[in-house]
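Chemist: This is the structure, below, for whatever I ask next.
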Amino acid sequence: MPIKVYGTPTSTCTQRVLTTLIEKGLPYELIKVNLAAGEQKTQEYLDEKQPFGVVPVLIDEDGFKIYESRAICRYLELKYKGKGTELMPTNDVKALGLFEQAASIEMSYYDPYVSGIVFERLFKGMKGLGDPDEAKIALYREQLNAKLDVYEKILSKQPYLAGQDFTLADLFHLSYGNRLVKLNEGHFFESRPHVKDWWNRITSRPSWQQVLALA
């Protein structure tokens, strides 16, 4: 049985998983979930796929099921170690520590603000939840600017967040960052030379370009 991914190619979290699968060179089948029709909220989906009613869900070749995009990506890297790109350094505890540090940076200092802007500017309207909250957006922008100033310092010393090599910590930035750029907020990356170079490096990877072509 091939690896199956339940999701949609336009979903930011599904895109993380698809990019990882392509980086690892793993064949997969994408089973589209109709989010607009609420398929992810049906009792069958909640019972059999994802109890919180979101995407993606991965079912491995042996039937093992896992959800939550970052957890799925880590699982794929560890399960299929030796295939494709190494996305987590597991043979060196110090390198692994630096990877986990970088992954925590993405979750703590990037995702809350980028996803907040994207939600207010895009997803809120799509879900019929009213107009963007400009005060919230201003706060998210202020926070993101401060955090990316620190990114600039980190990336002035190394090409990727965890060091010399591209890892999941970098990959996790792609989908929401791409949404931000599409909302004409690319200046967050463009205004900082080392962040700009890093962003150009990670967005030009063939895996990400393949995922964008699916959306």
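The values are calculated or read from the model by the stated rules, or taken from the named source; none is laboratory data. All of these numbers come straight from a predicted model, not from anything done at the bench. Cβ atoms come from the backbone with ideal geometry, glycine included; neighbour counts cover every protein chain shown. The accessibility values were calculated without ligands, DNA or RNA, using every heavy atom of the protein model including side chains. Shrake-Rupley method; radii C 1.70, N 1.55, O 1.52, S 1.80 Å.
Chemist: Looking at K124, is it modelled with pLDDT under 95 and of a type outside the set (D, E)?
Modeler: Spelling it out, K124 is indeed modelled with pLDDT under 95 and of a type outside the set (D, E).
Chemist: If the Cβ limit is 7 Å and pairs must be 6+ apart or interchain, which residue in the range 85-103 that is touching a residue at least 24 places away in the same chain (Cβ under 8 Å) and on the phi < 0 side of the Ramachandran plot pairs with which residue that is polar (S, T, N, Q) and assigned to a loop (DSSP other than H, G, I, E, B)?
Modeler: Going by the 7 Å Cβ cut-off, the qualifying pairs are L87/T167; M88/T167; F99/T167; A102/T167.
Chemist: Let me ask something else. How many residues are closer than 20 Å to S11 by Cβ and touching a residue at least 12 places away in the same chain (Cβ under 8 Å) if we restrict to the range 113-151?
Modeler: 9
Chemist: OK, next. Quick one: would you say K24 is open to solvent by less than 20 Å² (accessible area, probe 1.4 Å), charged (D, E, K, R) and outside the structural domain of L174 (by the TED database)?
Modeler: yes
Chemist: Go through the range 152-180 residue by residue and tally those that are without any contact (Cβ under 8 Å) to a residue 60 or more places away in the chain, assigned to a loop (DSSP other than H, G, I, E, B) and surrounded by fewer than 21 Cβ atoms within 10 Å (Cβ to Cβ).
Modeler: Total meeting the criteria: 5.
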